[in-house]
Amino acid sequence: MTEDVVLRVITKQLIPYILLFALYVQFHGDFGPGGGFQAGVLFGAAFILYGMVFGVATVEQLFSTSVFRIGIAAGVLLYSAVGLAGLMLAGNFLDYNVLAAYPKEGQHIGIMVIEFGVGVTVAAVVVSAFYAFAQPKA
């Protein structure tokens, strides 16, 4: 990309706010609109914006493709682990009530962890798709 100074400066100033808003959406998702999927897309969009302005190679210097592959697997494993924890605590798969002493606390913990796993997976998939389409093929 050309050396567009204004675009680069605006992007560097905008990305922290995008990431902060993604965190807000992630952790506010159990109380209102939002959650893991929306936060994951916002996180991914921040990396994509950075890659579009500064180049894919610059993003790969920060995070290689293997980091995002690990993120995809980690999010799915976290989701599954919460489900298995419910089974091991004498409940059903993804039964959050048994995760804490009180069912309401268990629901809160389970939803937060599940949504975090979804967010990690979605962000990693979005950025991986960007890597796949943005890199020139030899």
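The values are calculated or read from the model by the stated rules, or taken from the named source; none is laboratory data. What you see is a predicted model, and the numbers here were worked out from it, not measured in a lab. For neighbour counting, all protein chains shown are included, and Cβ atoms are generated from backbone atoms with ideal geometry for every residue, glycine included.
Screening segment 77-105 for residues that are of a type outside the set (A, V, I, L, M, F, W, C), at pLDDT 90 or above and under 22 Å from the mean Cα position of the chain (by Cα) and picking the one that is nearest to Gly117 (Cα to Cα) gives Tyr79. Exactly one residue among Gly110, Gly117, Gly86 is of a type outside the set (Lys, Arg), under 25 Å from Thr65 (Cβ atoms) and surrounded by 17 or more Cβ atoms within 10 Å (Cβ to Cβ), and that residue is Gly117. Condition test on Gln61, is it in contact with a helix residue (DSSP H, G or I) (Cβ under 7 Å, 6 or more places away or on another chain) and either within 16 Å of Leu19 (Cα to Cα) or not β-branched (Val, Ile, Thr) (or both)? When the stated conditions are applied, Gln61 does not pass them.
When Ala100 is tested against (1) surrounded by fewer than 17 Cβ atoms within 10 Å (Cβ to Cβ); (2) touching a Gly at 6+ places or on another chain (Cβ under 7 Å); (3) more than 22 Å from Phe27 (Cα to Cα), just one condition goes unmet, and that condition is (3). Please verify whether Thr121 is among the polar types (S, T, N, Q) and either over 25 Å from Asp4 (Cβ atoms) or within 17 Å of the chain's Cα centre (by Cα) (or both), treating the condition exactly as stated. Considered against the rule, which asks whether it is among the polar types (S, T, N, Q) and either over 25 Å from Asp4 (Cβ atoms) or within 17 Å of the chain's Cα centre (by Cα) (or both), Thr121 comes out as yes. Annotation: of all residues in segment 105-138 being of a type in the set (D, E, K, R) and in a helix (DSSP H, G or I), the one that is nearest to Gly44 (Cα to Cα) is Glu115.
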